[in-house]
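A short reminder: the numbers here are calculations on the coordinates, not readings from a lab. Model, not experiment: these values are computed from the prediction. Cβ placement follows ideal geometry from the backbone for every residue including glycine, while neighbour counts extend to all protein chains displayed.
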Amino acid sequence: MPFDIALTGLNAAQNDLQVISNNIANSETSGFKRSRTEFADLYATSQFGTSSNAIGQGVEVAAITQQFTDGDITFTDNSLDLAITGQGFFVLSDGGSQTFTRAGAFQVDNVGNIVNSSGSQLVGFQADSAGNLTGAQGPLAISRGNIAPNVTSTIDIDANIDASETILPAFLVGPTGPDPATYNHATSYTVFDSLGGEHVTTNYFRKDSATDWQVFQFVDNVQVSGPDVLTFDAFGALTAINGTVGQTTTTSAAFVPGGVGAPTTFTVDYSDITQFGGGFGISAIDQNGFATGRLSSLDFDPSGTLFARYTNGQSLVLGQVALANFANAQGLRPTGNSSWSESFASGQPLIGAPGSADLGLIQSGSLEESNVDVTGELINLIQTQRNFQANAQVIGTADTITQTIINIR
């Protein structure tokens, strides 16, 4: 009988040693979660239960559970390396089947999909061509194509025109452009045609009376609108345009900038223009056009939104990382490669955006280290070794007693 009990102890210690060995071997594995061996005692029972003086039958391994505590965060120089601060798992698609991981070392494959080292695709919420998140789930992918240009259609000018300026003669345009003697102020900025071509646009301001200013708009030294009359009150606020009280915008007739691309119109918003003393000054000019651009970089924000940055200064949302959580994470089934799959014990995955519900946030350019404490594992290793030796000693003692009984004459 002592042999059998001691043998269960040896087997349990050997299993514990294997678990500790696996933890130590994966102490540098990103996203790895250490395991713990849980033991239970054995008793011989019947339908009437266990007797009060029953002697135990030894020990068994009741479970080997993984501990999903967070590992330390290590920063990297790869913007596609992702770490989760808090709860949740990355969702991976591998041939249609879903797996879940905390290892966030991702890269781009030859067709633009974001994948891990085994080729499993990172799943997220898709975005449409305009960069709006749709909520539809699927593998995240990156397009290497140029971003299409956007033609300028609206211009917002924030400026002050000097109330102390003198009234000038009628606006004149000479062979080389407007006559400087016939306008008080001018400001230039760049606009874009439908093909992304750049064009210099200039607005000329001419004082017509104490309260009225004429505005002329030129594109590549060709007049496209004006004169538009801006009327100000005694406090310097814009009250009317072209005699229409409350109007703050002007719209040009349709034209083709530079003679190329599609016809367009410019709507200029003058609601931020004032007529105060103290000189002419431009605070801001905003226009909604831009040229085509090439992909220059990728980055994720804490909510897991993937941005593509382009050489023209624009950015576009390509998608958002999806995270999954489970009612019982310890019920997940390990599949290798620091991944797990859903099981009956874990419950179904609860998928959402980072930062929502109880899901953690995303940290780009970083990886989560293994949560193995090597020092603690070495201490456990010593304890397991002693347990194994003690059970082996029981077998040796039982063998000595058996030999003594056999040798009785």
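Sorting the segments 252-262, 336-346 by their mean number of nearby beta carbons within 10 angstrom, highest to lowest, gives 336-346, 252-262.
Based on DSSP H segments of at least four residues, each scored -39500 (n - 2.57), the chain has a per-residue ellipticity at 222 nm of -5000 deg cm²/dmol. About its Cα centre, the dipole of the chain is roughly 1220 debye, where the only charges are +1 on Lys and Arg Cβ and -1 on Asp and Glu Cβ.
Across region 308-371 the C-alpha pair distances fall into 10 Å bins from zero in the proportions 17, 36, 31, 12, 5, 0 percent. Which of these values of Rg/Rh (Cα atoms, Kirkwood Rh) was calculated from the structure shown: (i) 1.08; (ii) 1.33; (iii) 0.98? Computed from these coordinates, Rg/Rh (Cα atoms, Kirkwood Rh) corresponds to label (ii).
Could you tell me the relative contact order of the chain? Use alpha-carbon pairs under 8 Å, at least six residues apart, and round to a whole percent. Answer for the chain is 24 percent. Take every DSSP beta bridge whose two residues both sit in the chain, then give the antiparallel share in percent to the nearest 5. Percent antiparallel among DSSP bridges in the chain is about 95.
Highest mean first, the peptides 80-90, 267-277 sorted by other C-beta atoms within 10 Å per residue fall in the order 80-90, 267-277. Residue ranges 354-360, 366-372, 12-18 sort as 366-372, 12-18, 354-360 when ordered by packing (mean number of other C-beta atoms within 10 Å per residue, highest first).
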